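The values are calculated or read from the model by the stated rules, or taken from the named source; none is laboratory data. All figures in this text were calculated on a predicted structure; none of them were measured in a lab. Here the Cβ is made from the backbone with ideal geometry for all residues, glycine too, and neighbour counts use every protein chain on show.
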Amino acid sequence: MMVNPPKVLVIDDEEIARVACRRVLSREGIEVTLAPSGREGLEILARDPHDLVLVDLKMPEMDGVEVARRIHELDPSIVIVIITGYATVESAVAAMKQGAYDYLPKPFTPDELLIVVRRGLEKRRLDLESRALREEKAAIERNFVTMVTHQLRSPLSAILQYFDVLLEGIGGELTEVQREMLERARERLQGLLELINDWLDMSRIQEGDIVRRLRPVDLAACVDEALKGLEWAAREKDVAIQVQLPEDLPKILADPGSFREVLSNLISNAVKYNREKGVVVVRAEACPGGVSIQVTDTGFGIAETELPFIFDQFYRGKDSRVRSLEGTGLGLAIAQKIVRAHGGCLRVRSELGRGSTFEVIVSAAGGDNVTNGTR
Ligand SMILES: Nc1ncnc2c1ncn2[C@@H]1O[C@H](COP(=O)(O)OP(=O)(O)O)[C@@H](O)[C@H]1O
Ligand SMILES: [Mg+2]
């Protein structure tokens, strides 16, 4: 908020005028600094920020228009009032164009000075207040998703555990109907938790954090990590996951935590949108400047018309088979965001009814960087 008391700098080459201003303004509880030239005024502002500056238009060394321009270069939020003689209203207009807020024609009475300065300080107060509000709003927006999702996650996880316990029959035998209802409720809850986790991921991914954590990563280990937690879904659908990585594959330059997330999102889609007894192959090869990783499935494929949208947040395929499966539509958006933060690219080829291949290209550790020419 505004420094209390308000600080006003008076830049005028005439001493009598400077001193008169100070007398009037300090009576109002305003802290007043005086400078005899634009250069000295700018020096003062550089080390000691003020709320408002009164600048005389006609000064020998540097005129008021130039001073106003430089003050705003230094700090665009300072309110500038130009003091001008009758003859120079045109130059006052020029000064206003340089961002001066108001002007005061000479000679002026103490009251006139006070009115203009009070108005300028009021503007300053409102500017600062709205800036603070804007910043506060931005901070709330930034943290909102994280806050809400965190708050939701723990009670929902607790509820899920109660369901598990009940389904295990620990609370007593369940009738067939009860069991079915509980299972359905449990499934919905699981879906909700997935959504929350995806939201959290989406809001947490910060490019700067990923760049800071980049280091040489062994892709095979990263794939292994990604496969944990997907085995159950693959077995359920009788989908075989084959990993084919060459022995001499260079290490990739990646943030291991988030890159594993990319792989697990791609592989889980490849399993989920596959046919029964389908196959998922994870391949990789060195390519100029980097490593290309491909996840190929024998699943539904994606219609040409849908391809431009699948990386959008919350987009889910229109296919009824896709719709019958739980999902948040965030998996690919998250993967895309992470890959881009790596300076890499993510793209897809697909044929309806035959399957899809998602390809990630990232830099190899120690190699050239991938230039994002593609997609
Ligand atoms: N391997 C795949 N095969 C077929 N369709 C896919 C595949 N991966 C993604 N899709 C399509 O892209 C959409 C968005 O995927 P994603 O962002 O992971 O969200 P979700 O899986 O939650 O629907 C999916 O709804 C689906 O239509
Ligand atoms: Mg998905």
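The strands (runs of 3 or more DSSP E) falling completely within the stretch 278-353 that include 1 or more residues that are of a type outside the set (Lys, Arg), within 16 Å of ligand 2 (Cβ to nearest atom) and touching a residue at least 60 places away in the same chain (Cβ under 8 Å) map to 290-297, 345-351. For the stretch 224-255, a residue qualifies if it is surrounded by 12 or more Cβ atoms within 10 Å (Cβ to Cβ) and of a type in the set (Gly, Ala, Ser), and the qualifying residues are Ala226, Ala233, Ala234, Ala240, Ala254.
The single condition among (1) in the same structural domain as Gln294 (by TED's automatic domain parsing); (2) within 18 Å of the chain's Cα centre (by Cα) that Asn143 does not meet is (1).
A count restricted to the stretch 113-155 and to residues that are closer than 30 Å to Arg23 by Cα and surrounded by 14 or more Cβ atoms within 10 Å (Cβ to Cβ) stands at 14. Counting only residues that are closer than 19 Å to Phe358 by Cβ, without any contact (Cβ under 8 Å) to a residue 60 or more places away in the chain and not in a helix (DSSP H, G or I), the stretch 247-273 holds 1 of them. Of everything listed in (1) outside any loop (DSSP other than H, G, I, E, B); (2) under 20 Å from Glu28 (Cβ atoms), the single unmet condition for Pro107 is (1). Is it fair to say Gly317 is within 15 Å of ligand 1 (Cβ to nearest atom) and surrounded by 21 or more Cβ atoms within 10 Å (Cβ to Cβ)? Criteria not met by Gly317. Of all residues in the stretch 273-291, those satisfying the criterion of being closer than 19 Å to Ala234 by Cβ, surrounded by 17 or more Cβ atoms within 10 Å (Cβ to Cβ) and in contact with a helix residue (DSSP H, G or I) (Cβ under 7 Å, 6 or more places away or on another chain) are Tyr273, Asn274, Val280, Val282. For the stretch 354-365, filtered to residues that are surrounded by 21 or more Cβ atoms within 10 Å (Cβ to Cβ) and within 16 Å of ligand 2 (Cβ to nearest atom), the residue that is farthest from Thr298 (Cα to Cα) is Val360.
Residues in the stretch 8-54 that are under 40 Å from the mean Cα position of the chain (by Cα) and crowded, with 19+ Cβ neighbours inside 10 Å: Val8, Leu9, Gly41, Leu42, Leu45, His50, Asp51, Leu52, Val53, Leu54. Restricting Leu128, Leu156, Leu152 to residues that are within 30 Å of Ala92 (Cα to Cα) and either among the hydroxyl-bearing types (Ser, Thr, Tyr) or touching a residue at least 24 places away in the same chain (Cβ under 8 Å) (or both) narrows the list to Leu128.
Conditions (1) within 19 Å of Ala365 (Cβ to Cβ); (2) within 12 Å of ligand 1 (Cβ to nearest atom); (3) not assigned by TED's automatic domain parsing to the domain that holds Ser320, marked per residue:
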position: Leu227; (1), (2), (3): no, no, no
position: Glu247; (1), (2), (3): yes, no, no
position: Lys251; (1), (2), (3): yes, no, no
position: Ile267; (1), (2), (3): no, yes, no
position: Val271; (1), (2), (3): no, yes, no
position: Asn274; (1), (2), (3): no, yes, no
position: Ala284; (1), (2), (3): yes, no, no
position: Gly290; (1), (2), (3): yes, no, no
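Listed here are the residues, each with its yes/no results for (1) in the same structural domain as Phe311 (by TED's automatic domain parsing); (2) surrounded by 18 or more Cβ atoms within 10 Å (Cβ to Cβ); (3) more than 30 Å from Ile361 (Cα to Cα).
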position	(1), (2), (3)
Glu176	no, no, yes
Met181	no, no, yes
Arg186	no, no, yes
Gln190	no, no, yes
Ile196	no, yes, no
Leu214	yes, yes, no
Cys222	yes, yes, no
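Taken together, the residues in the stretch 67-104 that are in contact with a Lys or Arg (Cβ under 8 Å, 6 or more places away or on another chain), among the aromatic types (Phe, Trp, Tyr) and not in a helix (DSSP H, G or I) amount to 1. Of all residues in the stretch 173-189, those being under 42 Å from the mean Cα position of the chain (by Cα) and free of Cβ contacts under 8 Å to residues at least 40 places away in the same chain number 8.
Restricting attention to the stretch 69-111 and to residues that are at pLDDT below 85 and within 19 Å of Arg124 (Cβ to Cβ), the residue that is surrounded by the most Cβ atoms within 10 Å (Cβ to Cβ) turns out to be Ala95.
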